[in-house]
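Q: This structure is in C-alpha cells; I'll ask about it shortly.
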Amino acid sequence: MSLASFTPAEVASFQQHGFFIARGLADTALCQRILAAGQAQLAQAREPIEYEADTRYPGAPASRDAAGGRTARRLLQVFERDAAFRDWALSAPLAGRLKQLLAGEQVALSQAHHNSLMTKQPAFSSVTHWHRDIRYWNFANNNLVSVWLALGKEHRENGCLGFLPGTHKMDMDVDRFENRAFLRPDLPENQALIETAVFPELEAGDVVFFHAMTFHAAGWNRVDQTKYSLVFTYHLQDNLAQPGSRSASLPSIPVA
C-alpha cells in the first residue's frame, strides 16, 4: 500500500461496499502511543467520558449508580487530549486517502462526532444495533467518512464492528426503523438485509474507512480483555454543519 493514497481498485471497492479496510496502515509505535495515552486518561477518569450506562443499550447498566455503572464506553474529545491522537488524525496516510474517498481537496475533521477512544470492556459492555451514523448528524450533505483504527485484535467474540455492504446507497422508509435510528429486526425486508452482514477481523494498526450512510453494528465483548479503538470522522470543508445543531457545537479542524 502506498504512503498516502488508495489504488483505483480500492476506491472502487469503497464506493461499492461503503467501507474499506486498509491493513497495517498505522505503525506499531503510534498505536502503542495512542493506547498508552488513552489508558492513562481512562484510569484517571478524565472527563468527558461516556459510560455504558449513558447509552441505555442492551447489556448496559441501568444507571451510573448500578453495578458496572462506571464502565467507560468511550473517552470523548480526544483530539484535544494528547499529541498521539492528533498525530494520527492529521497524518498523511489519512489525508490523502480521505481526499480520494470524499472527492475533494480540502478535508476537515469533525470534533462534534466520534473523536473518541472507544472501549469495549469484558463486563457490562453493550450491544449497538444496526444504524447509520448520519441519523445523528446534521451537515449540508451526507458525504462524511469515519476512520476506525484498531489498537488490538477485533473479532466477533470481543464485539468487533459489522457492516451491511452497499447500504450507503440505499433509500429507506422511516417505518423500517425503531425510533428513527435502528433497523427493525422484525421486518422481513430488514432480516434479509441483516443476513448480508460481514464482521471483518482486525489486527492492531488495521483501519476501516466507512461512509456515514453505511449501516454498522457491534456486539458484546465476551472475552476477558478490553478492546480499544480510535475513531474520527471527516468531511469536506465546504460541507458545513447545520447552524444550531450538535454537529455545529464544536469547530471542525482543517486537515489538508
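Q: Could you work out the mean projected area of the convex hull around the alpha carbons of segment 81-219, in square nanometres to one decimal?
A: 9.6 nm²
Q: Also: By counting other Cβ atoms within 10 Å of each Cβ, how are Ile134, Ile34 ranked from fewest to most?
A: Ile134, Ile34
Q: Take the chain, mark every one of the GluC sites (Glu not before Pro) that falls in a DSSP loop and has at most 10 other Cβ within 10 Å, then report the longest stretch left between them, sites excluded.
A: 1-104
Q: Could you pull out the trypsin sites (Lys or Arg not before Pro) across segment 1-82 that fall in loop regions by DSSP (anything but H, G, I, E, B) with no more than 15 other Cβ atoms inside 10 Å?
A: When the trypsin sites (Lys or Arg not before Pro) of segment 1-82 are filtered for loop state and at most 15 Cβ neighbours within 10 Å, Arg23, Arg46, Arg56, Arg64, Arg70 remain.
Q: Do you know the relative contact order of segment 8-254, to the nearest whole percent, from alpha carbon pairs under 8 angstrom that are 6+ apart?
A: 32 percent
Q: Give me Lys169, Lys153, Lys120 ranked fewest to most by other Cβ atoms within 10 Å of their Cβ, as a rough exposure proxy.
A: Fewest to most other Cβ atoms nearby, the residues stand as Lys169, Lys153, Lys120.
Q: Using Cβ contacts closer than 10 Å as the measure, can you line up Thr196, Thr71 from fewest to most?
A: The fewest-first ordering by Cβ neighbours comes to Thr196, Thr71.
Q: Which lysines does Lys120 reach when only Cα atoms under 25 Å apart count, and residues fewer than 8 places away in its own chain are ignored?
A: Straight-distance partners of Lys120: Lys153, Lys227.
Q: Oh, and also: Please give the Cα centre distance for segment 126-205 versus segment 86-117, rounded to the nearest Å.
A: Distance between centres, Cα-based: 20 Å.
Q: Once the Cα gyration tensor of segment 10-117 is diagonalised, what are the square roots of 5 times its eigenvalues, in whole Å and ordered largest first, as equivalent ellipsoid semi-axes?
A: So the equivalent ellipsoid measures 30, 18, 13 Å along its semi-axes.
Q: Rounded to whole Å and ordered largest first, report the semi-axes of the equivalent ellipsoid of the chain derived from its Cα gyration tensor (root of 5λ).
A: 25, 23, 19
Q: Summing -39500 (n - 2.57) over the DSSP H runs of n ≥ 4 in the chain and dividing by its residue number, what mean residue ellipticity at 222 nm do you reach, to the nearest 500 deg cm²/dmol?
A: -6000 deg cm²/dmol
We did not get these values from a lab; they are worked out from the coordinates using the rules stated. This one's a predicted model, so the numbers in the text were calculated from it and none came from an experiment. Note that we place each Cβ from the backbone using ideal geometry, even for glycine, and neighbour counts take in every protein chain shown.
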